[in-house]
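K.L.:
Take a look at the following structure, please.
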Amino acid sequence: WESRTARGSSCNPGGDRLGEMPTAVLVRGACPQATVRVGGQAPSSSTRVRAAGLVRTSLAFNCSTCARVEVAGTGAALGSQRPATRRRKTRLGRHMSRHVAPVVCSSGASSNDLCIVGTGVLGRLVASEWINRHPGCRVVGLTKTTTSHEELKALGIDPQVRSDLSESQTFPYVLYCAPPSGSEDYPADVADGVKLWDTNGGLLFTSSSAVLGESGEVYTEATPSQTIEGANPRVARLLLAEQNVRGAGGRVMRLAGLYLPNRGAHMFYLKKGSVASRPDGLINQIHYEDAATICVAALKHEENFDYEAYMGTDNSPVTRQQLMESVAASGKYEGGCEFTETEGPIGRVMNNDLTRKALAWAPKYESFDSCMQQL
C-alpha cells in the first residue's frame, strides 16, 4: 500500500504542537474499493475514516499531537452479520518525511487474510502458497507456544498464541490443519477454531482418509464414510470434528498419507526395518506440496460441492512392497523393510476425480514413484 497527502503538514519550531494538519490522506491499494481520505481537522477533534470494504486500517501521521483519528469500517461492506461499525483509535505519530497508512481491505465480500491453526509442514506450505497468490495479505499462524515464532516470521507468517487473541478476532479464511495428537478433546478444539471464521471467505478442515473403509474397494467423494457409532475412537474423533466444521458452513478435505523425500510412510518403514503388515497392503499418498495447493484451491472454491468432503490424493495407490521398491530404485536411501504378515486389512483405493474437476486441480507429483525418480 502507498499513501500520499494532498497537502503536506508542518510543525511549529517547538515540535510538540501541530501547526497544520494535512488536507487529506489518500490510501490506495490493489482493491479499487479501498480508498480512504482523512480530512484535515483541528488537533482536538476526531477525524472519521470510512472506506467501502474496509476490514482493518492502521494510520500513522507525521506530527506528535494529542489528537486521535477514529477508524471505522462499515459492516455492510463486509457482507457479514457483524455490528454495523468496527472502530479503532490510533494516536498521531511523530513528524516524518511521509505519511504511512497501510490498509488491509476486501475486494467484494472479504479480504484475503488467512488464519492457519496448525503451523507444521502443511500449514507452512499453505502459507507460502497463499502469500504467493495474494501479495499483501496477512497470514496468521496460531501456535500453542512461542517456540517457533521466529521461524514463522521468517516465512512471512504472523505468529500468534491462541490465548492471546481476543474472543472477537475473526478472519475471512481459516485453515484448521492441526493434528489430533496432543489434544485432549479434538472435536472441541476444532469447534473452537471454527469460531475464528467470519463466514465471508472459506473455512477448511483437513481430515484423514482413515474415516473411509479398508476393503480394497475404490473410494470416491461419493462413498459414505464410516459411522461414528461403528468407528474406532480415533476415527470417531475425526468424524465429530468434521461435523463441527460442516455444521458451521465450512468444508472438509480428507487427505491421503502425506510425504516428502525425508518424511512419510517410507521413512517409517526404513527406520523399522521390519513391520507386521501385508506387503500387498495398499497405500494412498499425496506430496505435501500438492496437499498445500489442493487446500488453497478448496479454500477459494465458491461453488457448491455436492459431497461431504473433498479428497486429497495423487490417484496412484501402491502396495507397501511397491513403495519400498521405488525407494530402493532411487538410490538415495540405505536399508529396506520386510513386511511379515499375510493377513489383515488390504487397504483402500482412493480416487478424487470429483475433487479435481470441481477445483480445477492437478498434482505436481503424479505418484510417489515419480517423486523418487526426480531425486
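Nothing in this text is a laboratory measurement; each read-out follows from the coordinates by a stated rule. None of the values given here were measured: they were computed from a predicted structure. Note: ideal-geometry Cβ built from the backbone for every residue, glycine included; neighbour counts use all protein chains shown.
K.L.:
With all distinct Cα pairs included, what does the Kirkwood hydrodynamic radius of segment 180-281 come out to in Å, to one decimal, could you say?
P.N.:
Computed over Cα pairs of segment 180-281, the Kirkwood hydrodynamic radius comes out at 15.7 Å.
K.L.:
With a cut-off of at most 10 other beta carbons within 10 Å, and DSSP calling the residue loop, which GluC sites (Glu not before Pro) in segment 218-266 qualify? Please list them.
P.N.:
Sparse-neighbourhood loop GluC sites (Glu not before Pro): E229.
K.L.:
Right, next: Calculated FRET efficiency, L375 and E338, Cβ-Cβ r, R0 25 Å, to nearest 0.05? Before the final figure, lay out the partial values.
P.N.:
On the way: r = 23 Å, r/R0 = 0.93.
So, using R0 = 25 Å, E works out to roughly 0.60.
K.L.:
Let me ask you something else. Highest mean first, what order results for 261-267, 334-340 on Cβ atoms within 10 Å?
P.N.:
The densest-packed peptide leads the list: 261-267, 334-340.
K.L.:
Take the alpha-carbon centre of segment 298-353, take the same for segment 220-256, and report the distance between them in whole Å.
P.N.:
19 Å
K.L.:
Can you give the local net charge around A236? Use residues other than it whose beta-carbon is closer than 11 angstrom to its beta-carbon, Lys and Arg +1, Asp and Glu -1.
P.N.:
0
K.L.:
Per residue, what volume in Å³ does the Cα convex hull of segment 229-279 take up? If you can, show how the numbers build up before the last one.
P.N.:
Values: hull volume 6.4 nm³, N = 51.
In segment 229-279, the Cα convex hull volume per residue is 125 Å³.
K.L.:
Follow-up question, since we're still on this one. When Lys and Arg each count +1 and Asp and Glu each count -1, what net charge do the other residues less than 10 Å away from P172, Cβ to Cβ, add up to?
P.N.:
Working: positive: none; negative: D113, D198.
Net charge in that neighbourhood comes out at -2.
K.L.:
Same structure again: Beyond 23 Å, what percent of the Cα pairs of segment 211-338 remain?
P.N.:
Value for segment 211-338 (Cα pairs over 23 Å): 42 percent.
K.L.:
What are the equivalent ellipsoid semi-axes of segment 130-197, built from the alpha-carbon gyration tensor (square roots of five times its eigenvalues), in whole angstrom, biggest first?
P.N.:
21, 15, 12
K.L.:
Can you compute the equivalent ellipsoid semi-axes for segment 268-309, i.e. the square root of 5 times each eigenvalue of the Cα gyration tensor, sorted largest first and rounded to whole Å? Could you put the intermediate results ahead of the total?
P.N.:
Values: eigenvalues 231, 41, 8 Å².
Equivalent ellipsoid of segment 268-309: 34, 14, 6 Å, largest first.
K.L.:
Here's something else I'd like to know. Pairs K144/K300; K271/K300; K300/K332: which are spaced more than 30 Å apart, C-alpha to C-alpha? Each step should come with its number before you reach the end.
P.N.:
Numbers: K144/K300 27 Å; K271/K300 38 Å; K300/K332 37 Å.
From the list (K144/K300; K271/K300; K300/K332), the Cα-Cα distance tops 30 Å for K271/K300; K300/K332.
K.L.:
Moving on to the next point. Using 0.36 nm per residue of separation minus the Cα-Cα distance, give me the extension gain between D192 and V218 in nm, one decimal.
P.N.:
Length gained, D192 through V218: 6.0 nm.
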